[in-house]
Amino acid sequence: MNLDTLITSEELAGWLERSVVWIDTNVLSVGNFLQLTLILVSFGVGRLLAPALERLLDREPNANWYLRYCRPVAKALKPLSSYIIWLAFMWFANLAAENGGWPLKLTDAALSLLSAWIIIRLASSLIRNASGARALAIGIWSIAALNILGLLNPLRDSLDKLAFSLGTLRISALGLIEAGISLALFIYLAGLFSRLAERRIASSDSLTPSMRALSSKIVRVLLYVAAFVLALESVGIDLTAFAVFGGAIGLGIGFGLQKVISNLMSGVILLLDRSVKPGDVIAIGDTFGWINTLGARYVSVITRDGIEHLIPNEELISQRVENWSFSNQLIRQKVPIGIDYGADVHKARDLALQAADGVERVLKEPKAVCHLIEFGDNAVVLELRFWINDPQNGVANVRSAVQLRLWDLYHEHGVVFPFPQRDLHLRSSVPIKVKLDSSGGGTEVAKDGKAPSTG
């Protein structure tokens, strides 16, 4: 097979002529030269003005709101200063060129690529979730590529045609995609603003711990509900169309998540009536510890063993709860003491009070007291009573410290702790006679008054 039979000289000459015409029209045209010049000039302006913007971003006002909220954004924008100025100058120049009737194919492509790159760089700096930042980068690059190729609008039209009607509600593939993107964006913003609001509420000294927790939860719920509503409204979905379906779904969820909803409502009640709050020392069932956090579904209680118990809110409503710090932190401890009947009771009482006063955590006011409780079988029973105001630091350790000091003081001053005593009385209705055998045969015992048999 000869090459001349495949491509003739006339066809090759025609192809080269058309290529030259296309290059001259689309590449070497005056419009393209002007667009390329505009892009390069905008880049030069961005490089020239970037130091001024960097110095502006380096300024840090002595304000807590700026250090907390604006400083991270300023740090993320600083490396992109020249590109941001480049984008802004090119956007204004592109707008002026459009009004002047200039061709904008190259500048539109440059704007799309530069905008996508800046957004991706900012997202990678501000979004901590690597998967979310990667998904956002893929989406932005895809939109930019479709816009450059002129396929974005045709794709939108095609997705909009893939639709079905549900009553008066029209649901399309394009609407679902836009709703998903809007919902993700609004939920991210709601989470960001809720964290900022929670920090602000947590730093407020005018609110009690319970009100701070309740206010944070209310703000979070309202922000997420608003995000969902705004996401649907932004894509033109009428919320009244979901009224019937929402009622049916809500009924099913109510039966299926009865316990969850009960815990949620119980959590709100606990926050409103302030029966428990973070920092309180409580006892519920076999669990004794202090409340770490009040959650939407459970209460976190940490015991002295370091074990964190997640107790459902419903249990704190339906069961008996001992709150050792509901009205105040004062807790009275009782230490029973037994002393010998021959000991000086007055001295024993004074030494018990000295033992309590010598322990740092025992309060001086209310004062410790020592009472004589009873005369027991083996000892005179005293009871030392003292107060503490930090039960979250433990009660067994402070009782142990008091008893160890009491032990040392009693031994030092000769106060005796009695041992258990028992008097044993033997009674028998049958007399027992003992007879000694002089022949060395041992001792014989006779019962009922009769002599033992020798045979």
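How many residues does the stretch 369-410 contain that are of a type in the set (S, T, N, Q) and under 35 Å from the mean Cα position of the chain (by Cα)?
Keep residues of the stretch 369-410 that are of a type in the set (S, T, N, Q), which gives 378, 389, 392-393, 397, 400, 403.
Adding the requirement that they be under 35 Å from the mean Cα position of the chain (by Cα) leaves 389, 392-393, 397.
Total satisfying the criteria: 4.
This table checks each residue for (1) within 17 Å of the chain's Cα centre (by Cα); (2) under 30 Å from residue 275 (Cα atoms); (3) modelled with pLDDT of 70 or more.
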{"site": "129", "(1), (2), (3)": "yes, no, no"}
{"site": "154", "(1), (2), (3)": "no, no, yes"}
{"site": "161", "(1), (2), (3)": "no, no, yes"}
{"site": "183", "(1), (2), (3)": "no, no, yes"}
{"site": "198", "(1), (2), (3)": "yes, yes, yes"}
{"site": "201", "(1), (2), (3)": "yes, yes, yes"}
{"site": "206", "(1), (2), (3)": "no, yes, no"}
{"site": "212", "(1), (2), (3)": "yes, yes, yes"}
{"site": "217", "(1), (2), (3)": "yes, yes, yes"}
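Please tell me if residue 421 is over 30 Å from residue 292 (Cα atoms), at pLDDT 90 or above and among the polar types (S, T, N, Q).
Working: over 30 Å from residue 292 (Cα atoms): yes; at pLDDT 90 or above: no; among the polar types (S, T, N, Q): yes.
When the stated conditions are applied, residue 421 does not pass them.
For residue 300, are the conditions met, namely being surrounded by fewer than 19 Cβ atoms within 10 Å (Cβ to Cβ) and in a loop (DSSP other than H, G, I, E, B)? Before the answer, list the steps.
Details: surrounded by fewer than 19 Cβ atoms within 10 Å (Cβ to Cβ): yes; in a loop (DSSP other than H, G, I, E, B): no.
No, not satisfied.
May I ask you to list the residues in the stretch 294-327 that are within 25 Å of residue 212 (Cα to Cα) and either touching a residue at least 60 places away in the same chain (Cβ under 8 Å) or touching a Cys at 6+ places or on another chain (Cβ under 6 Å) (or both)?
Within the stretch 294-327, 294, 296, 324, 325 meet the criteria.
Kindly evaluate residue 384 against the criterion of being among the hydrophobic types (A, V, I, L, M, F, W, C), assigned to a strand (DSSP E or B) and surrounded by 14 or more Cβ atoms within 10 Å (Cβ to Cβ). Please lay out each step first, then the result.
Details: among the hydrophobic types (A, V, I, L, M, F, W, C): yes; assigned to a strand (DSSP E or B): yes; surrounded by 14 or more Cβ atoms within 10 Å (Cβ to Cβ): yes.
Yes; evaluated as a whole, the condition is true for this residue.
Of the residues 116, 123, which single one is at pLDDT 75 or above, within 20 Å of residue 83 (Cα to Cα), of a type in the set (A, V, I, L, M, F, W, C) and in a helix (DSSP H, G or I)?
Being at pLDDT 75 or above, within 20 Å of residue 83 (Cα to Cα), of a type in the set (A, V, I, L, M, F, W, C) and in a helix (DSSP H, G or I) holds for just one of 116, 123, which is 116.
Looking at the stretch 271-301, which of its residues are within 15 Å of residue 325 (Cα to Cα) and of a type in the set (A, V, I, L, M)?
276, 281, 282, 283, 284, 291, 301
Quick one: count up the residues across the stretch 304-321 that are modelled with pLDDT under 85 and closer than 27 Å to residue 362 by Cα.
3
Kindly check whether there is at least one residue in the stretch 315-326 that is assigned to a strand (DSSP E or B) and surrounded by 14 or more Cβ atoms within 10 Å (Cβ to Cβ).
Of the stretch 315-326, the ones assigned to a strand (DSSP E or B) are 322-323.
Those left that are additionally surrounded by 14 or more Cβ atoms within 10 Å (Cβ to Cβ): 323.
Yes - at least one qualifying residue is present in the stretch 315-326.
Mind checking whether some residue in the stretch 273-286 is in a helix (DSSP H, G or I) and closer than 30 Å to residue 202 by Cα? It would help to see each step written out before you state the result.
Taking the stretch 273-286 first, the residues in a helix (DSSP H, G or I) are 273.
From what's left, closer than 30 Å to residue 202 by Cα: 273.
Yes.
In the stretch 266-288, how many residues are free of Cβ contacts under 8 Å to residues at least 40 places away in the same chain and of a type outside the set (S, T, N, Q)?
Of the residues in the stretch 266-288, the ones free of Cβ contacts under 8 Å to residues at least 40 places away in the same chain are 273, 284-288.
In the following step, the residues that additionally are of a type outside the set (S, T, N, Q) were identified as 273, 284-286, 288.
Summing the residues that are free of Cβ contacts under 8 Å to residues at least 40 places away in the same chain and of a type outside the set (S, T, N, Q) in the stretch 266-288 gives 5.
The values are calculated or read from the model by the stated rules, or taken from the named source; none is laboratory data. Being a predicted model, the structure only gives us computed values, none of them experimental. Positions of Cβ are generated from backbone atoms using ideal geometry, with glycine treated the same way; all protein chains shown enter the neighbour counts.
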